[in-house]
Amino acid sequence: MSSKVYKGEFGYIKYRRKVAIIRTAICLIAAIGMYVTGLLLFKTQKNGMSIIAALGCLPTGWSGVNLIMLLKAAYCSDADHEKIEACKGDLLIHYDHVITSYDTNYNIAASTVLDKNICLYASDDKLDIHDCEKHIKKMIAQSGYSSYSIKIFKDIDQFCSRLSQLEKLRSEKNIDPKAIEDAWVPGTVETAASVLLSISL
């Protein structure tokens, strides 16, 4: 397996899919192996190994559900990633969000936060922009970011155009988004960018 990809990095969803496939397969093989071994040794289903195999179905089921969610998730394509990287300047970009809610999951390919502006790109045609913006606004407001502007783009060129505008603003105000994230102290209120990651799978 390739080296670990952390939440917010490009390729995160694809990496998590691989992990989920391997984990689910291992759990399933272990549960079946335990059951069959107990059956061969004791010639009956009523044995301790069968009980252990039954308990092993719990993590197998959890892993399977997680895998299904990841298989349904959309992620940032290589082509879109190249366009974003070419125009982002020194903006901090996070990739491959699956923002969760009670009713649905929102697939966000990329996001950036700068000076009370939250800018997101969604390549998922099924995503309801209004609902997603409303959900994000509600979630970040709980951390005190009620005055932030939230805009989701479905067109990559429009998103990149907005990134160029934000990069110009960043340069004029001499803002270092990465330094802001690095300066965060555990136990204090998360940054807006970190909140976006925390509400994502």
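Tabulated values for the structure
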read-out	value
Flag for Lys173 being over 22 Å from the mean Cα position of the chain (by Cα) and loosely packed, with under 13 Cβ neighbours inside 10 Å	yes
Failed item in (1) surrounded by 14 or more Cβ atoms within 10 Å (Cβ to Cβ); (2) within 17 Å of the chain's Cα centre (by Cα); (3) at negative phi; (4) not hydrophobic (A, V, I, L, M, F, W, C), with Lys83 passing the rest	(2)
Residue list for the stretch 1-37, filter: of a type in the set (S, T, N, Q) and either in a helix (DSSP H, G or I) or assigned by TED's automatic domain parsing to the domain that holds Tyr106 (or both)	Thr24, Thr37
Among the residues listed as Ala54, Ala31, the single one being surrounded by 18 or more Cβ atoms within 10 Å (Cβ to Cβ) and small (Gly, Ala, Ser)	Ala31
1 or more residues in contact with a Gly (Cβ under 8 Å, 6 or more places away or on another chain) and touching a residue at least 24 places away in the same chain (Cβ under 8 Å): qualifying strands (runs of 3 or more DSSP E) within the stretch 57-157	93-100
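Per-residue answers, yes or no, for (1) within 27 Å of Asn174 (Cβ to Cβ); (2) buried (at least 20 other Cβ atoms within 10 Å of the Cβ); (3) touching a Cys at 6+ places or on another chain (Cβ under 9 Å):
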position: Ile93; (1), (2), (3): yes, yes, no
position: Asp103; (1), (2), (3): no, no, no
position: Asp115; (1), (2), (3): yes, no, no
position: Ile118; (1), (2), (3): yes, yes, no
position: His130; (1), (2), (3): no, no, no
position: Lys134; (1), (2), (3): no, no, no
position: Ile140; (1), (2), (3): yes, yes, no
position: Asp155; (1), (2), (3): no, no, no
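The values are calculated or read from the model by the stated rules, or taken from the named source; none is laboratory data. Since the model is a prediction, treat every value here as computed from it, not as a measurement. We place every Cβ from the backbone using ideal geometry, glycine too, and count neighbours over all the protein chains shown.
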